[in-house]
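Peer 1: Please find one structure pasted underneath; my questions will follow.
The values are calculated or read from the model by the stated rules, or taken from the named source; none is laboratory data. Just so we're clear, the structure is a prediction, and the values are computed from it rather than from any experiment. Counting neighbours? That spans all protein chains shown, and the Cβs are built from the backbone with ideal geometry, glycine included.
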Amino acid sequence: MNDNISNLFQLTEEDKDQYRKLIDKIDLDTSDDVISMLKAKLDKLISSDRLNDIEINLIKNVSVLVSIYQTYPDLTASIRKKILFAYLIFAMRMMIYQTLYLRLDILTTLL
């Protein structure tokens, strides 16, 4: 069973190439604005009381990446892009998840 689970979450070479291309396209000149905007949105999610403790801790843990990004400006561009990409993907998925959860909650209330 563990083999099935690990296969489910394994990236193909095609997936990796696609992510590398996306990472390469990241414009580091806009990173401060992007980080600010995403931080505000994640802070809003935390204060909404819709997240459980695990989700809140996950946001805090991922925020450590942003702290590293901001604390060490001499990191290579490649590392900075990878950190920003991870933060972007995580924040977008959290926002999508919460939006779907909220809509499901509204729908079940209406039914």
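Peer 1: Can you tell me how many residues in the range 7-26 are surrounded by 10 or more Cβ atoms within 10 Å (Cβ to Cβ) and among the charged types (D, E, K, R)? Before the answer, list the steps.
Peer 2: Narrowing the range 7-26 to residues surrounded by 10 or more Cβ atoms within 10 Å (Cβ to Cβ): 11, 15-20, 22-24, 26.
From the residues that got through so far, the ones that are among the charged types (D, E, K, R) too are 15-17, 20, 24.
Within the range 7-26, residues that are surrounded by 10 or more Cβ atoms within 10 Å (Cβ to Cβ) and among the charged types (D, E, K, R) number 5.
Peer 1: Looking at (1) loosely packed, with under 10 Cβ neighbours inside 10 Å; (2) under 20 Å from M95 (Cβ atoms), can you tell me which one D32 breaks?
Peer 2: (1)
Peer 1: Right, next: Of these, M94, M37, which one is in contact (Cβ under 8 Å) with a residue 24 or more places away in the chain and part of a helix (DSSP H, G or I)? Before the answer, list the steps.
Peer 2: Numbers: M37 fails: in contact (Cβ under 8 Å) with a residue 24 or more places away in the chain.
Within the list M94, M37, the selection yields M94.
Peer 1: Residue under question is L51, and the condition is that it be in a loop (DSSP other than H, G, I, E, B), aliphatic (A, V, I, L, M), more than 15 Å from Y87 (Cα to Cα) and without any contact (Cβ under 8 Å) to a residue 40 or more places away in the chain; does it hold?
Peer 2: no
Quick grid of which residues meet (1) at pLDDT 90 or above; (2) surrounded by fewer than 17 Cβ atoms within 10 Å (Cβ to Cβ); (3) closer than 19 Å to I26 by Cα:
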{"position": "D49", "(1), (2), (3)": "no, yes, no"}
{"position": "I59", "(1), (2), (3)": "no, no, no"}
{"position": "I68", "(1), (2), (3)": "yes, yes, yes"}
{"position": "T71", "(1), (2), (3)": "yes, yes, no"}
{"position": "A77", "(1), (2), (3)": "yes, yes, yes"}
{"position": "K81", "(1), (2), (3)": "yes, no, yes"}
{"position": "F90", "(1), (2), (3)": "no, no, yes"}
{"position": "Y97", "(1), (2), (3)": "no, yes, no"}
{"position": "L100", "(1), (2), (3)": "no, yes, no"}
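Peer 1: Also: Given the conditions (1) at pLDDT 85 or above; (2) not in a helix (DSSP H, G or I), which single one is not true for Q18?
Peer 2: Q18 satisfies all of (1) at pLDDT 85 or above; (2) not in a helix (DSSP H, G or I) except (2).
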